[in-house]
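Chemist: Here it is: the structure, laid out below.
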Amino acid sequence: MRVRVWGCRGSLAAPGADTLRFGGNTSCVEVRAESGDVVVLDAGTGMRPLGVALDDEGIERVHVLLSHLHLDHLQGLGFFRPLYHPERELHIWGPSSPVQSLAERIATYLSPPLFPVSLVDVPCHVQFHDAPEEPMRIGSLTVLAAPVTHQGPTVGYRLEEEGRSLVYLPDHEPALGLDIAEQPGDWVSGYHLAQGADVLLHDAQYSDDEYPRHVGWGHSSVGHVVAFARKAGVGRLVLFHHDPYHLDHELEALVAEARTLWGGNDPGVLAAWEGMTIDLDGAGVALAQPAGGS
């Protein structure tokens, strides 16, 4: 599979001169399977440019896997160009709720007065699905979803193909009230989903100094995500869901801190950036390096 990051900012889009290197768009990650199937992880503002690219390519069917329905993970859906093409097919997966269906919850945003076009009026063929409780197949990919600790119904995803695995946990607070290193894996949110993954994209919104002021908000510190990744035995760690207040130089410092905690200046610990690609195949794992730095 080939992975491309279209947005990796958390909470709010943060465009500007001081966020150019890592990007300002919110969560959206494209996964291309060997079978040609296209999976999109979350529908943040990075989904707008992705939609342009997919429409130009003539992709007819897309699966969108939503981790949860906070606006920073949904706001790009209304600007996703294939949504307005009558010959396109869109499958939207997301966490279940005992109160409303997934379609009803998304329609709360995609309807007036919050949005000018109602979801029922888009010409694309849209189908809604609850995130599966058992592994499912999308082309050559095996997809597994599981609930994780965050505010409101939230799931993480594990995608596998040809013996390689990618885990996506963009909003996650596994350390809530716990010392991750001292807890059994069964007690740590997301552990079984991430266990042994080749690549983990994980929430790293806060520095260790910032986290105490945000306990319970549903996000991780750099120290917590490193502890989680080491406990789960992942191969590569990609810091994700960057705080909108963190400028490029501050994110570079967080990467350096994460590498130190990991045990050295390890290039396998990176911060996600817009345009970043990750290839996972029989030959191994290749993470693209951003121009001009770590």
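Laboratory data are not the source of any read-out in this text; all were calculated from the coordinates shown. Since this is a predicted model, take the numbers as computed values, not measurements. Ideal geometry is used to build each Cβ from the backbone, glycine not excepted, and the neighbour counts take in all protein chains shown.
Chemist: Provide the FRET efficiency to the nearest 0.05 for the residue 230-residue 117 pair, computing r from the beta carbons and using R0 = 51 Å.
Modeler: Given R0 = 51 Å and the Cβ-Cβ separation, E is 0.65.
Chemist: Now for a separate question. Find the centroid of the Cα atoms in segment 71-106 and in segment 11-70, then give the distance between the two in whole Å.
Modeler: Cα centroid of segment 71-106 versus Cα centroid of segment 11-70: 13 Å apart.
Chemist: Rg to Rh ratio, the chain, alpha-carbon atoms and Kirkwood radius?
Modeler: Rounded to two decimals, Rg over Rh is 0.94.
Chemist: Using a ≥ b ≥ c from the Cα gyration tensor of segment 103-179 (square roots of the eigenvalues), is it rounded, prolate or oblate, where a/c under 1.5 gives rounded and otherwise the larger of a/b and b/c decides, a/b for prolate?
Modeler: Oblate, since a/c reaches 1.5 and b/c is not below a/b.
Chemist: Work out the charge dipole of segment 69-210 with +1 on the Cβ of Lys and Arg and -1 on the Cβ of Asp and Glu about the Cα centre, then indicate which of 167, 153, 96 is farthest towards its positive end.
Modeler: 96
Chemist: Just need the relative contact order of the chain here, percent rounded to a whole number, with Cα pairs under 8 Å and 6+ apart.
Modeler: 18 percent
Chemist: When Lys and Arg each count +1 and Asp and Glu each count -1, what net charge do the other residues less than 11 Å away from residue 9, Cβ to Cβ, add up to?
Modeler: Charge balance in the 11 Å sphere: -3.
Chemist: Peptides 173-182, 208-217, 157-166: what's the order by average Cβ count within 10 Å, highest mean first?
Modeler: The packing order, highest mean first, is 157-166, 173-182, 208-217.
Chemist: A further question on this structure: Would you work out the charge dipole size for segment 2-286 about its Cα centre, treating the Cβ of every Lys and Arg as +1 and the Cβ of every Asp and Glu as -1, and quote it to the nearest 20 debye?
Modeler: Dipole about the Cα centre, nearest 20: 160 debye.
Chemist: Evaluate the relative contact order of segment 16-84 (contact order divided by residue number), counting alpha-carbon pairs under 8 angstrom at least 6 apart; express in whole percent.
Modeler: Once divided by the residue count of segment 16-84, the mean separation gives 34 percent.
Chemist: Under unit Cβ charges (Lys, Arg +1; Asp, Glu -1), what dipole magnitude, rounded to 20 debye, does segment 213-262 have relative to its Cα centre?
Modeler: Here segment 213-262 has a charge dipole of around 360 debye.
Chemist: Count the DSSP beta bridges whose two residues both fall in segment 2-286, then state the antiparallel fraction as a percent rounded to the nearest 5.
Modeler: Roughly 50 percent of the beta bridges in segment 2-286 run antiparallel, per DSSP.
Chemist: Same structure, new question: Once the Cβ-Cβ distance between residue 252 and residue 129 is put in as r, and R0 is 35 Å, what FRET efficiency do you end up with, to the nearest 0.05?
Modeler: Plugging the Cβ-Cβ distance into 1/(1 + (r/R0)^6) gives 0.35.
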